[in-house]
Amino acid sequence: MGKTGRNGRQFKIFQLNLRQSSFSTKNIVLSILIGILFIFGSCQRHSDMQDEGADFLQGTWIQDSITGKQEMLNYTVHEFKVTCDSIYATFQVHAKTKTIADSCYGDGNWTEYAKAVYSIRGDSMIVEGVYTKPNGKQKISGCYRHGPYTPRFMITRKDDQHIILENKFEGRPITLKKTSTISCVPKKRWEL
């Protein structure tokens with residue numbers, strides 16, 4: 001009877017271990033499934049359509065003057081075309097000193113381009129985009145800047161005809177004057 005009792009006890013312990021094992025396996029599987037659902041549930045699919053953006057920004061903005069540019073070794077004149085939540089930027093760069101290859105430097109004046117999407121949060125304008133070629137295609141190599149275009153602007157002043165932006169990565173304010181107004185008609189992003 002001692003042996004039967006012992007075997008019976010071992011069998012019950014084995015069954016208990018088996019139940020605990022399957023319970024912990026169920027918990028692990030359930031935890032993994034919940035984790036996967038959480039990950040996929042937190043993903044956000046971005047629409048192919050533009051958002052409306054900020055009303056006060058819609059239009060073409062040109063930087064018509066830069067204080068003290070005669071004394072500067074380099075400066076950039078900005079032009080932004082804002083339509084809905086998209087920005088198309090043109091930069092007229094003027095450099096008195098060579099900091100790039102001679103073949104790119106030329107006479108010290110060149111034009112760069114970028115396209116991006118922006119969002120306004122409080123007094124900040126967050127821009128996410130890429131540098132482009134003149135035809136709007138992404139620029140991944142070559143002279144001047146290429147790759148991501150991600151300035152962070154603080155809007156220090158705005159009215160119907162003027163806006164002053166301060167790039168948080170540079171020290172110079174950008175004073176822009178509105179030259180035309182654009183009505184936002186959202187389009188598919190690849191049609192722009």
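The values are calculated or read from the model by the stated rules, or taken from the named source; none is laboratory data. Just so you know, these numbers come straight off a predicted model, no measurement behind them. Glycine gets a Cβ as well: all are built from the backbone with ideal geometry, and neighbour counts include every protein chain shown.
Below are the figures for this structure:
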{"quantity": "Single residue of the stretch 29-75 satisfying the filter (of a type in the set (V, I, T) and more than 22 Å from the chain's Cα centre (by Cα)) that is modelled with the highest pLDDT", "calculated": "I62"}
{"quantity": "Residue within the stretch 83-105 that is in contact with a Leu (Cβ under 6 Å, 6 or more places away or on another chain), surrounded by 14 or more Cβ atoms within 10 Å (Cβ to Cβ) and not charged (D, E, K, R) present", "calculated": "no"}
{"quantity": "Subset tally (residues that are farther than 29 Å from D48 by Cβ, among the hydrophobic types (A, V, I, L, M, F, W, C) and not in a loop (DSSP other than H, G, I, E, B)) for the stretch 161-175", "calculated": "2"}
{"quantity": "Unique residue being in a loop (DSSP other than H, G, I, E, B), more than 21 Å from the chain's Cα centre (by Cα) and either assigned by TED's automatic domain parsing to the domain that holds F80 or without any contact (Cβ under 8 Å) to a residue 24 or more places away in the chain (or both) when the list is G142, G136", "calculated": "G142"}
{"quantity": "Residue in the stretch 92-110 that is under 19 Å from T181 (Cα atoms), of a type outside the set (D, E, K, R) and part of a strand (DSSP E or B) present", "calculated": "no"}
